[in-house]
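One structure is given here, and the rest of the page talks about it.
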Amino acid sequence: MSSTAIEIRDLHISFGSNHVLRGVNLDVPSGSSLVVIGGSGSGKSVLLKCILGILQPDSGTIHINGEEITGLYGRHLDNFRTRFGMLFQGSALFDSLPVWENVAFYPLHNQGMSRKKAHELSLRYLANVGLDADIAEFYPAELSGGMRKRVGLARAIATEPDIIFFDEPTTGLDPIMGDMIDQLIRKCIIEYGFTGLTITHDMASVRRISDEVALLYEGRIVWKGATDKLDHPDNPYVEQFVTGHTEGPIQVQF
Amino acid sequence: MIPILTPLGRTFLSFLQITGRLVIFTGRALSHCVRPPFYPRLIARQMIEIGYYSLPVVGLTAIFTGMVLALQSYTGFARFSAESAIPNVVVVSITRELGPVLAGLMVAGRIGAAIAAEIGTMRVTEQIDALKTLATNPFKYLIAPRLIAGMTMLPILVLIADIIGVFGGYLVSIYSLGFNPSSYINNTMDFLHAQDVISGLVKAAVFGMLVTLMGCYHGYHSRGGAQGVGRATTNAVVSASILILCANYIVTGLFFDR
């Protein structure tokens, strides 16, 4: 297996005249946690959707564990997606299914697991994210934001992925719940050996979950370095983003 | 000249784009209806939603339509002493046209809107993206079960609507217009041909496909939060209703063209 889990080269994508990604180059080493930071509208979510195959890039390549996935579709793409887990910003739980069916969705529908076994499996994954068996029969609408995030995380790890993606994992959560989600993410990376790619602009979360950080600005990665270098980055873009000043090379549109 | 042609050209290109997208969507949706894997549990749930829960509204529409039809026919035919033609008019109108069209329009309002709202909400809350990341094809999981349920349940609904509609006409004719029950039933059976019922059931299958397809199409392509979902719901009902009326003419032409 390649030591680079995700390798992105010269990735471009446009929506009409809006050139969102303008040549992204990024490597994510296996077993590490990389966080992509960047302002709103900088293309972080689009980058994630390109890797997941939800959006097709205009040009450039994406390799997962050494195999190219750009241009794949149908069953071939689905085969790759079995190696991915994804925690969405709004959790994206299926409203019509109870919590346990959300968690066990993949084994239930794609591995032909019996409902009884899938139920038992979902309880195990719910316990892994600190949730009681009592909520297994609840529907997503009956859960708090933090519980929804944890159920979303349980669903993501239930696929037993190689790579797990987190889209703004702490957005909309109180600081304590945010810290708990960060601890669970860290646990996924260290205990389960997943490779993690997170996009966020919560700097407290960045420091807790990342080994490396990359800054996306105007469709390009303008800086990448170890997390401990965030405070002395030797890069004016990162310095401005971390300090949150309005003056600097990053143009703020009012 | 150019200021007039530009919006015309843009509208025409937009029409072609939407038509192309709809044709591709329909092709993909229908192909997933016949290719495994199937989700029997989801198909059964949709059949109950589309068929069983639509029964009251379709039944009520049918019985009142049959009753009104008998009354209206009587006021017209009595002038020519042609009251004996009422059973014929009721049964042929209900089985050929009113049963399938009214059931189709009612289901378009009830089910087309519900499908568009549900799938549209799934789209804007990233649930459809979540399905993809779980290696599940949304066409197979969301759209094919609804299409299969729509195409199978609407003919059953229409068959029930036919019986209830004819019964409505019978009630009014017997208890209000003074017809003899046995001669009314005999007249009804004499005038009724298998082709009348079959054409209505074929129409119902086509309408079932159109209603569910429009709900799925507009929901799947909805954008822009709650407003987008609302727009998708309206578009689903309006387009399904118009397509039902167009398809009704085409299928009638195929069955009864001289």
Original post:
Peptide B:133-142: average number of partner chain Cβ atoms within 10 Å per residue?
Top reply: 6
Original post:
With charges only on Cβ, +1 for K and R and -1 for D and E, what is the dipole size of chain A about its Cα centre, in debye, rounded to 20?
Top reply: 540 debye
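Just to be sure I follow: if Rg is taken over the C-alpha atoms of the range B:40-256 and Rh is the Kirkwood radius over the same atoms, what is Rg/Rh?
Taking Rh as the inverse mean 1/r over Cα pairs, Rg/Rh reads 1.09.
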Original post:
If you find the alpha carbon centre of the range B:135-175 and of the range A:58-84, how far apart are they in angstrom?
Top reply: 42 Å
Original post:
Of B:MET151, B:ASN88, B:TYR217, which is farthest on the positive side of the dipole of the range B:40-256, counting Cα position, with +1 on Lys and Arg Cβ, -1 on Asp and Glu Cβ, and the Cα centre as origin?
Top reply: B:TYR217
**OP:** Assign one of three labels to the range A:1-86, namely rounded, prolate or oblate, based on the Cα gyration tensor with a ≥ b ≥ c the square roots of its eigenvalues; rounded applies when a/c is under 1.5, prolate when it is not and a/b is larger than b/c, and oblate otherwise.
**Re:** oblate
Subject >> Charge dipole magnitude, Cβ of K and R +1, D and E -1 - the protein assembly as shown, Cα centre, debye nearest 20 >> reply: 1240 debye
**OP:** Take the Cα atoms of the range B:104-209, find their three principal axes, and give me the spread along each one in whole Å, biggest first.
**Re:** 66, 26, 14
Original post:
Per residue of A:89-101, what is the mean number of Cβ atoms on other protein chains within 10 angstrom of that residue's Cβ?
Top reply: 3
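Using Cα pairs under 8 angstrom and six or more residues apart, how large is the relative contact order of chain B, in percent?
Once normalised by length, the contact order is 31 percent.
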Subject >> Charge dipole magnitude, Cβ of K and R +1, D and E -1 - the range B:40-256, Cα centre, debye nearest 20 >> reply: 620 debye
Subject >> Over chain A: Rg over Rh, Cα atoms, Kirkwood Rh >> reply: 0.97
Subject >> When each of A:LYS229/B:LYS132; A:LYS149/B:LYS132; A:LYS49/A:LYS117 is checked by Cα-Cα distance, pairs over 29 Å >> reply: A:LYS229/B:LYS132; A:LYS49/A:LYS117
**OP:** Quote the Stokes-Einstein diffusion coefficient, in whole µm² s⁻¹, for the range B:19-62, based on the Kirkwood radius over alpha carbon pairs, a temperature of 25 °C and a viscosity of 0.890 mPa s.
**Re:** 193 µm²/s
Original post:
Which whole-number percent gives the relative contact order of the range A:1-145, counting Cα pairs below 8 Å spaced six or more residues apart?
Top reply: 19 percent
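Count, for each residue of A:46-53, the Cβ atoms from other chains sitting within 10 Å of its Cβ, then give me the mean as a whole number.
Per-residue shielding by partner chains comes out at 1.
What is the diffusion coefficient of the range A:92-149 in µm²/s, taking the Kirkwood radius over Cα pairs and the Stokes-Einstein relation at 10 °C with a viscosity of 1.306 mPa s?
Reported coefficient: 140 µm²/s.
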Original post:
What percent does the relative contact order of chain A come to when contacts are Cα pairs within less than 8 Å and at least six residues apart?
Top reply: 24 percent
Original post:
At q = 0.07, 0.12, 0.13 Å⁻¹, what base-10 log of I(q)/I(0) does the Debye formula yield for the protein assembly as shown when every alpha carbon is treated as an equal point scatterer in vacuo?
Top reply: -0.52, -1.10, -1.22
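We did not get these values from a lab; they are worked out from the coordinates using the rules stated. Because the structure is a prediction, the values reported are computed rather than measured. When we count neighbours, we look across all protein chains shown, and the Cβ atoms used for this are built from the backbone with ideal geometry, even at glycine.
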